[in-house]
Amino acid sequence: MCGIIGFTGILDAKEVLTEGLSELEYRGYDSAGIAYVLGDRIKTVKTAGKVNCLKEKVQREAAGDQTSCGIGHTRWATHGGVSDLNSHPHTAGKVTLIHNGIIENYQELQAELEKKGKTPVSQTDTEIAAMVVDDGYDGDPVKAIKRAVKRLEGAYAFCIMFEEFPGRIYCIRNGSPLVATYTEKGAVIASDLVALIKYSKDYFVLPEHHIAELTPDGIRLFNLLDQEVEPKMLHVNWDTASARKGGYEYFMLKEIHEQPEALRRTITPRLKDGLPDFSADNIPDSIFEGLHKIVITACGTAMHAGLIGKNLIEKWIRIPVDVEIASEFRYKDPIVDEHTLVMTISQSGETADTLAALRLAKEKGARTLSIVNVKGSSIARESDYVLYTHAGPEIAVASTKAYMVQLAALYLFAMRFAFVLGKRTEEQTKAVVKSFLNAVGHVEKMLSSDEQAEEISERLVKTEDLFFIGRGLDYALSCEGSIKLKEVSYIHSEAYAAGELKHGTISLITDNVPVIALATQKDVYVKMISNVKEVRSRGAKVILITTEDALVDASLCDHVITIPEMEDIFAPFCAVVALQYIAYYAAVKRGLNVDQPRNLAKSVTVE
Ligand code: M6R
């Protein structure tokens, strides 16, 4: 949450910062601001609203300013409402800073500062952080930061400018992400690669509790013992075009369409002689040795991918799998030890709760494996093993292609270890891989048939409540369909295990309440159809998602979306596309900003 950028070099800093903020806007869009060196002072321009409001303000109030050093921020509000005053950057004395994270002890610090006669003007924890840095400043920026770090509790990524050091930007982080690069045009730091990529494909992740000093000549990195540290360079293999809309109206639609390619990139390098193979990922076959159970922990959509993973792993490997919401797992003293494999799943690799869950699992001695999209992210770096998904940058807040490749990674994982553990022969595994490839091949076909989903969404424009029902894998998928619809269209929906509906919730099914029923699993198809009849006889409008070969009685539902025939276990790859389309079109038809739903942010780096 919150997008951060800092630049010092020979380019127009206002331009670098505001353009960078446009790229980072998906991280938070409550307000935006920049601060830059102007002669011997630091000037700040900030406003509530989106980055475009900031650009207009900069045009009005700063058009003629020449500057080549500054910091910029786009905010997802936590402490203090959405207002000009609460926007970043914040200045205290000689210090101007931007912040991503939450300072948990800000009230205590505020009380200490007030005793010294120092009062904040905003309601933010960030201004308190600026005041704390300034409070410990005696002309040496690094010492001031080190003193502040001792006093601050919580998660943070800061970019800090000191009035007496024009041209320099100091950065430090704890928990929240920062990546940086240097070219002959200058030094850039940002919370996300999307803002760096146009300057260089080589970058480094600022290690936690290290101070980066950016100057027009380069970036120096120090640990808190003042020892200089060599940055560990990484290379990104996608380009600016991948991070742009490329003719699509919204990133969400673009990313839905990128799914076949993302699947290919994630799957192909992990198939060797027709078998799943993780040797290039350095995941040893011995990972299951002495294992009693698996815990999958994640948040939101990534957690829903985990629900599918549980079904697969339990079915194919016959080892118990718990799926835990990371924010619950981290506070419940979980039963996890050296006989447990804890798998974390995360697109960003920075989700605060998932990261904390991973750290707790490690503390308890568990083996850890993460499925992560963003290279070099905290979760990837801190896990024993990483299975990178190769979705490329996902910008829309609603996760689509990242979910798809998380599924692919989980299927590969389950297939590999069912083979390694002797649950399936080589022959059988090759046959399953073939069916898997056949199924993911159908995703392309699903993408080209969005008319039904569009038509159904048209009818959902006035809907206030909706239910998703399914059994087994279809129930896990219902959870994903429901979150997608809620977050982008604001239609309230709930996902129910179809058999459970009648234990209370069916009282909400009245005339014309839409029910999206997923019935892609043959073993429970008849049961599903009974549940569909139950809701239909109470007036529900039923949208049935099923396979092409299913015999659907026309009187059973109001709409049918079919997915190609395939082995049931792979149906989620195609069925989810229909759900993504329904959510997307419902939001478009309601006239909403699909990529920037209210109150949300892409990467949830606060708990
Ligand atoms: O980056 P992560 O995968 O860890 O993010 C987890 C959730 O915040 C994320 O999946 C969220 O639920 C999506 N916005 C849903 O579309």
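The values are calculated or read from the model by the stated rules, or taken from the named source; none is laboratory data. Just so we're clear, the structure is a prediction, and the values are computed from it rather than from any experiment. Reconstructed Cβ throughout: ideal geometry from the backbone, glycine too, with neighbour counts over all protein chains shown. Remember, those area values only see protein heavy atoms, side chains included, never the ligands or the DNA or RNA. Shrake-Rupley method; radii C 1.70, N 1.55, O 1.52, S 1.80 Å.
Output ³J(HN,Hα) for segment 321-327: one whole-Hz value per residue in order, computed from phi by the Karplus curve 6.51 cos²θ - 1.76 cosθ + 1.60 with θ = phi - 60°, and x for Gly and Pro.
Listing the rounded values in order: 10, 9, 10, 10, 5, 4, 5 Hz.
Could you tell me which of rounded, prolate or oblate describes segment 3-236, using a ≥ b ≥ c as the square roots of the eigenvalues of the alpha-carbon gyration tensor, with rounded for a/c under 1.5 and, failing that, prolate when a/b is larger than b/c and oblate otherwise?
rounded
May I ask you to order 534-540, 138-144, 310-316, 71-77 by the average number of other C-beta atoms within 10 Å around their residues, highest value first?
Most protected by this proxy first, the peptides run 71-77, 310-316, 534-540, 138-144.
In percent, how large is the relative contact order of segment 448-589, given Cα pairs closer than 8 Å and 6 or more residues apart?
31 percent
Taking segment 236-265, which chymotrypsin sites (Phe, Trp or Tyr not before Pro) meet the DSSP loop condition and have no more than 10 other C-beta atoms within 10 Å?
Sparse-neighbourhood loop chymotrypsin sites (Phe, Trp or Tyr not before Pro): none present.
As I understand it, the dipole of the chain uses +1 on the Cβ of Lys and Arg and -1 on the Cβ of Asp and Glu, about the Cα centre. Which of 591, 72, 260 lies farthest toward its positive end?
Final value for the positive-end residue is 591.
Summing +1 for each Lys or Arg and -1 for each Asp or Glu, what net charge is found among the other residues whose Cβ lies under 10 Å from the Cβ of residue 523?
Within the 10 Å Cβ shell, the charges total +2.
With θ set to phi - 60° and the Karplus curve 6.51 cos²θ - 1.76 cosθ + 1.60, what are the ³J(HN,Hα) couplings of segment 384-390 in order, to the nearest whole Hz, using x for Gly and Pro?
These are the phi-based 3J(HN,Hα) values: 5, 9, 10, 10, 6, 8, 10 Hz.
Whose amide H sits under 5 Å from the amide H of residue 349, counting only residues 5 or more places off or on another chain, with H placed in the peptide plane?
373, 374
Counting other Cβ atoms within 10 Å, keep those with at most 15, restrict to DSSP loop, and tell me which GluC sites (Glu not before Pro) in segment 440-511 are left.
Answer in residue order: 464.
If I compute solvent accessible area with a 1.4 Å probe over the protein chains, what percent of it on the chain is carbon and sulfur?
49 percent
With all protein chains present, calculate the accessible area of residue 442 using a 1.4 Å probe and round the result to the nearest 10 Å².
Estimated to the nearest 10 Å², residue 442 gives 40 Å².
Quickly rank 152-160, 118-126 as a protection proxy: mean count of other C-beta atoms within 10 Å, highest first.
Listed from highest to lowest mean packing, they are 152-160, 118-126.
Please compute the contact order of the chain in relative form: average sequence separation of alpha-carbon pairs under 8 Å and at least six residues apart, divided by the residue count, as a percent.
Taking the mean separation of contacting Cα pairs over the length of the chain, I get 12 percent.
Among 63, 417, 278, pick out the residue whose Cα is farthest towards the positive end of the charge dipole of the chain, where Lys and Arg carry +1 and Asp and Glu carry -1 on C-beta, about the Cα centre.
Checking the options against the dipole of the chain, the answer is 417.
At a probe radius of 1.4 Å, what is the per-residue accessible area of residue 202, in Å² to the nearest 10?
Solvent-accessible area, nearest 10 Å²: 70 Å².
Can you tally the net charge around residue 284? Count Lys and Arg as +1, Asp and Glu as -1, for every other residue whose Cβ sits under 13 Å from the Cβ of residue 284.
So the environment of residue 284 carries a net charge of -3.
How would segment 245-424 be classified by its alpha-carbon gyration tensor: rounded, prolate or oblate, with rounded meaning a/c under 1.5 and the a/b versus b/c comparison settling the rest?
Here segment 245-424 falls in the oblate category.
Quick one: Karplus J couplings for segment 152-160, per residue in order, coefficients 6.51, -1.76, 1.60, θ = phi - 60°, nearest Hz, x for Gly and Pro?
Running phi through 6.51 cos²θ - 1.76 cosθ + 1.60 with θ = phi - 60° gives 8, 10, x, 9, 7, 10, 10, 10, 10 Hz.
Looking at segment 428-514, which trypsin sites (Lys or Arg not before Pro) are DSSP coil and have at most 15 other C-beta atoms within 10 Å of their C-beta?
Those satisfying the criteria are 462.
Relative to the longest principal axis of the chain, what angle (0 to 90°, nearest 10) does the C-alpha long axis of helix 300-317 take?
Taking Cα atoms only, the helix is inclined about 50 degrees.
So how exposed is residue 299, as accessible area in Å² (1.4 Å probe, rounded to 10)?
40 Å²
Calculate, for the chain, the solvent-accessible area per residue in square angstrom, rolling a 1.4 angstrom probe over the heavy atoms of the protein chains.
Normalised by residue count, the accessible surface of the chain is 38 Å².
I'd like the orientation of helix 141-151 relative to the chain: the angle between its Cα long axis and the longest Cα principal axis, in ° from 0 to 90, rounded to 10.
50 degrees
If the reach is capped at under 22 angstrom between alpha carbons, list the lysines near residue 310, excluding any in the same chain fewer than eight residues apart.
The reachable lysines, counting only those whose Cα sits under 22 Å from residue 310, are 293, 332, 362, 364, 401, 423, 430, 434, 484, 522, 527.
Using only the Cα atoms of the chain, build the gyration tensor, take square roots of its eigenvalues as a ≥ b ≥ c, and label the shape rounded, prolate or oblate: rounded if a/c is under 1.5, else prolate if a/b is larger than b/c, else oblate.
Prolate is the answer for the chain, as a/c is 1.5 or above and a/b outweighs b/c.
Leaving out same-chain residues fewer than 8 places away, which aspartates and glutamates sit with a Cα under 15 Å from that of residue 201?
Correct list for residue 201: 184, 192, 239.
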